Amino acid sequence: MNLIAALGLNLGLLVAIMFVLWLISVRIRDVSFIDAFWAYGMAIMASASFLQTENPGSLAYTIWALTALWGIRLGTHLFLRWRKEGVDPRYKKIMGRAMEKQGMSFAKAALLKAWVLQIPLLFIVCLPAQLGILLAGPDGLSAVSIVGAVIALIGIGFETIGDMQLKTFKANPASKGKVLDSGLWKYTRHPNYFGDFCAWWGIWLVAAPMGWPVWLAAIGPLFLSFTLMKWSGAPLLEKSLKQNRPAYVEYIERTSTFFPMPPKK
């Protein structure tokens with residue numbers, strides 16, 4: 001198996017899917033479902049890698065299963081949320097700015113500001129899973145891989161529970177205007193993002209015994225960590241929450257930003 005050719009096939013598949021989804025977004029004039037595909041796309045990349053692996057062993061199966069579990073669970077959660085809530089205000093703002101200030105059509109703005117940008121980012125973040133599966137062959141699990149799998153499962157579980165708690169909170173009319181500060185949200189302001197962090201560093205660790213290509217692919221979880229903690233994840237969300245919910249400022253003072261910690265009294 002030629003590693004470069006296999007990755008090239010994965011990238012070509014990703015571009016083709018993104019093109020079809022762009023056409024759909026133009027037709028419905030909404031790109032918000034791109035968040036759901038971010039998760040689904042990684043599961044697809046892992047599956048495409050797995051299908052190109054001859055005689056896969058337990059290591060390849062584990063990396064594929066963890067990535068698929070994370071991607072399908074999160075993708076379905078985000079897709080159902082989009083179906084219920086409709087256009088995401090973040091993307092509405094991005095698209096509006098591109099159309100009003102830069103004179104772009106909706107189709108051009110959707111292509112350049114959403115779909116094209118996501119292709120390299122998704123592919124890079126998912127590199128540990130792709131490389132790990134493609135290089136693993138019939139290899140079994142090492143002690144390092146087992147530790148990584150445990151970390152990934154903890155992350156998936158943490159994120160799942162956090163999302164369920166938030167969904168229940170939002171569904172209660174009495175919660176309107178309030179801040180969720182119970183359950184996992186008592187220990188971190190972003191249990192879902194922390195779960196993503198653990199899941200992808202765990203997957204990278206599972207694949208790490210495959211050598212330097214996977215070690216270099218640490219750029220994937222590093223970029224994801226930066227995104228979640230410093231760029232479009234926690235900072236962007238908290239800016240909005242501080243403006244719309246006065247109680248959130250007090251919540252910030254007593255609750256850890258990212259890593260779970262006992263709340264300050």
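Observations, loosely collected:
- Flag for F258 being over 30 Å from N2 (Cβ atoms), hydrophobic (A, V, I, L, M, F, W, C) and modelled with pLDDT of 95 or more: no
- Restricting the stretch 1-52 to residues that are more than 20 Å from P213 (Cα to Cα) and part of a loop (DSSP other than H, G, I, E, B), the residue that is most open to solvent (accessible area, probe 1.4 Å): R29
- Boolean, W204 is out of contact with any helix residue (DSSP H, G or I) (no Cβ under 9 Å at 6 or more places or on another chain) and under 30 Å from L135 (Cβ atoms): no
- Which listed residue is under 18 Å from H77 (Cβ atoms) and modelled with pLDDT of 95 or more, from A39, A6: A39
- Options G96, G71, G75: the member that is open to solvent by less than 60 Å² (accessible area, probe 1.4 Å), under 14 Å from F33 (Cβ atoms), of a type in the set (G, A, S) and outside any loop (DSSP other than H, G, I, E, B): G75
- Screening the stretch 232-263 for residues that are open to solvent by 80 Å² or more (accessible area, probe 1.4 Å) and not in a loop (DSSP other than H, G, I, E, B) and picking the one that is farthest from D88 (Cα to Cα) gives E253.
- Inter-residue pairs, beta-carbon under 9 Å, first within 15 Å of A234 (Cα to Cα) and touching a residue at least 60 places away in the same chain (Cβ under 8 Å) and in the stretch 244-258, second open to solvent by less than 30 Å² (accessible area, probe 1.4 Å) and among the basic types (K, R), 6+ apart: Y248/R189; Y251/R189; I252/R189; T255/R189; S256/R189; T257/R189; F258/R189
- Within the stretch 216-243, being over 30 Å from G177 (Cβ atoms) and without any contact (Cβ under 8 Å) to a residue 40 or more places away in the chain holds for L216, L222, S225, F226.
- Close Cβ contacts (under 7 Å, 6 or more residues apart or on different chains) running from residues in the stretch 40-57 that are free of Cβ contacts under 8 Å to residues at least 24 places away in the same chain to residues that are of a type in the set (A, V, I, L, M, F, W, C) comprise S47/W64; S47/A68.
The values are calculated or read from the model by the stated rules, or taken from the named source; none is laboratory data. Quick caveat, the model's predicted, so the values are computed rather than measured. For neighbour counting, all protein chains shown are included, and Cβ atoms are generated from backbone atoms with ideal geometry for every residue, glycine included. The area values use the complete protein model at the heavy-atom level, side chains included, leaving out ligands, DNA and RNA. Shrake-Rupley method; radii C 1.70, N 1.55, O 1.52, S 1.80 Å.
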